[in-house]
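**Student:** Here's a structure for you.
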Amino acid sequence: MRQVFFYMAFFLIYLSSGAQTSPKYALVIHGGAGVMSEKSMTSEIQNEYLRVLNKALQVGDSVLLHGGTCLDAVEKTIIILEDSPLFNAGKGAVFTHEGTIELDASVMDGKTLAAGAVSGIKDIRNPISLARTVMEKSEHVFLTGIGASQFAVEQGFKTVENSYFFTEKRYKSLQELLKKEREPATGDKHGTVGCVALDTFGNIAAGTSTGGMTNKKYGRVGDSPVIGAGTYANNQTGGFSCTGHGEFYIRLGFSRDISAMMEYRKMNIRKACRAEIDKLTKMGGTGGVIGLDRKGNIAMEFNTSGMFRGYIKSNGEKEVAIFK
Ligand code: GLY
């Protein structure tokens with residue numbers, strides 16, 4: 001009898017530890033948060049977004065399933081989103097006031113706290129790969145503009161014409177804002193992409209890529225390439241990638257603040273992400289954040305009516321969604 005009791009107690013402790021459900025790997029993505037409703041988006045467009053989000057999840061899943069690292073998963077997943085004209089990153093990026101495209105991206109390795117970031121990129125197709133190369137092949141964290149492109153060429157990157165990034169939809173958004181002489185902050189600020197991955201080695205990485213805001217001026221840079229604002233990863237807490245009105249995220253030190261709440265206040269990832277979104281709301285900012293911790297717990301929080309998002313885990317759990 002005592003033996004049965006012992007085994008039952010052991011089994012209950014095992015269950016409550018969550019060990020039986022902890023996935024071997026997990027991956028979460030976003031494609032931007034903003035004002036969106038089912039009515040304002042045709043089912044064809046919704047399906048196209050869902051198709052690309054699913055494809056990105058599949059690519060990341062395949063990397064992790066085959067024993068790839070979280071950094072490989074983050075980079076390859078984000079490349080799918082950068083190469084799609086749907087999102088405000090890479091091919092689908094928004095226009096600056098001058099009618100050019102300037103891209104920002106960053107990546108962080110939660111095991112070593114190494115990081116790489118680039119901003120103001122005009123001629124590199126996949127800025128996320130350049131950010132990773134800055135992290136791995138330079139002694140710096142953050143390179144910008146022409147210098148970043150010089151570094152890219154030295155590292156063997158092929159350049160593209162700035163016109164490669166042209167899309168009719170984004171061009172129209174700029175023309176509308178120019179006509180109304182509206183400030184960048186009121187313009188098209190949705191569609192930043194990001195990914196956070198936990199690999200089978202227990203390591204976490206996060207990355208973010210964006211075109212910034214339509215009609216941005218004066219070399220404006222948002223939160224996406226700023227480590228601790230738009231991107232942060234630490235194996236001890238979690239990894240995070242943000243989307244939204246960048247100025248607020250920089251002022252809050254958004255993603256680092258979430259990590260700090262988890263580290264010092266022992267908050268779980270969802271509570272910490274929610275608390276940070278509440279701070280954003282109080283300040284008047286809009287946007288969202290995705291995150292995951294070392295147990296593969298997922299957070300996808302936002303204060304807008306929608307966020308393109310999804311996650312996948314080794315245990316078969318999966319979700320892809322757009323609206324609240
Ligand atoms: N969150 C992207 C930006 O503000 O540039």
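**Student:** Any chance you could count how many residues in the stretch 229-256 are more than 13 Å from the ligand (Cβ to nearest atom), more than 11 Å from the chain's Cα centre (by Cα) and buried (at least 21 other Cβ atoms within 10 Å of the Cβ)?
**Tutor:** Qualifying residue count for the region: 4.
**Student:** Pick out the one residue from Asp104, Asp83, Asp123, Asp109 that is among the acidic types (Asp, Glu), closer than 17 Å to Tyr232 by Cα and away from the ligand (no atom under 16 Å from the Cβ).
**Tutor:** Answer to the check: Asp109.
**Student:** Right, something else. What do you reckon, is Ser259 open to solvent by less than 10 Å² (accessible area, probe 1.4 Å), within 12 Å of the ligand (Cβ to nearest atom) and hydroxyl-bearing (Ser, Thr, Tyr)?
**Tutor:** no
**Student:** Okay, next question. If you go through the stretch 103-114 one residue at a time, how many are surrounded by 24 or more Cβ atoms within 10 Å (Cβ to Cβ) and either of a type in the set (Lys, Arg) or farther than 30 Å from Arg294 by Cβ (or both)?
**Tutor:** 1
**Student:** Collect the residues in the stretch 100-133 that are more than 15 Å from the chain's Cα centre (by Cα) and closer than 16 Å to Gly145 by Cα, keeping them in residue-number order.
**Tutor:** Thr100, Ile101, Glu102, Ser119, Gly120, Ile121, Lys122, Asp123, Ile124, Arg125, Leu130, Thr133
**Student:** Here's another thing I want to ask about it. Is it the case that Leu81 is touching a Pro at 6+ places or on another chain (Cβ under 8 Å), open to solvent by less than 30 Å² (accessible area, probe 1.4 Å) and under 26 Å from Ser149 (Cβ atoms)?
**Tutor:** No, not satisfied.
**Student:** Could you check the stretch 86-98 and list, in sequence order, the residues that are more than 16 Å from the ligand (Cβ to nearest atom) and out of contact with any Phe, Trp or Tyr (no Cβ under 8 Å at 6 or more places or on another chain)?
**Tutor:** Selection gives Glu98 alone.
**Student:** Might you let me know whether the stretch 137-160 holds any residue that is within 27 Å of Val52 (Cα to Cα), within 13 Å of the ligand (Cβ to nearest atom) and not acidic (Asp, Glu)?
**Tutor:** No: zero hits.
**Student:** Across the stretch 159-184, what is the number of residues that are surrounded by 14 or more Cβ atoms within 10 Å (Cβ to Cβ) and among the small types (Gly, Ala, Ser)?
**Tutor:** Of the residues in the stretch 159-184, 1 are surrounded by 14 or more Cβ atoms within 10 Å (Cβ to Cβ) and among the small types (Gly, Ala, Ser).
**Student:** Looking at Gly156, Gly194, Gly202, which one is at pLDDT 95 or above and buried (at least 17 other Cβ atoms within 10 Å of the Cβ)?
**Tutor:** The match here is Gly194.
**Student:** Being part of a helix (DSSP H, G or I), touching a strand residue (DSSP E or B) at 6+ places or on another chain (Cβ under 9 Å), among the β-branched types (Val, Ile, Thr) and free of Cβ contacts under 8 Å to residues at least 60 places away in the same chain is the requirement here; does Val52 meet it?
**Tutor:** yes
**Student:** Let me confirm something: among Lys217, Lys282, which residue is open to solvent by 10 Å² or more (accessible area, probe 1.4 Å) and more than 16 Å from the ligand (Cβ to nearest atom)?
**Tutor:** Answer to the selection: Lys282.
The values are calculated or read from the model by the stated rules, or taken from the named source; none is laboratory data. Because the structure is predicted, anything quoted here is derived from the model rather than measured. Positions of Cβ are backbone-derived with ideal geometry, glycine not excepted, and every protein chain shown enters the neighbour counts. Each accessible area value is taken on the protein alone, full model and side chains, heavy atoms only, with ligands, DNA and RNA left out. Shrake-Rupley method; radii C 1.70, N 1.55, O 1.52, S 1.80 Å.
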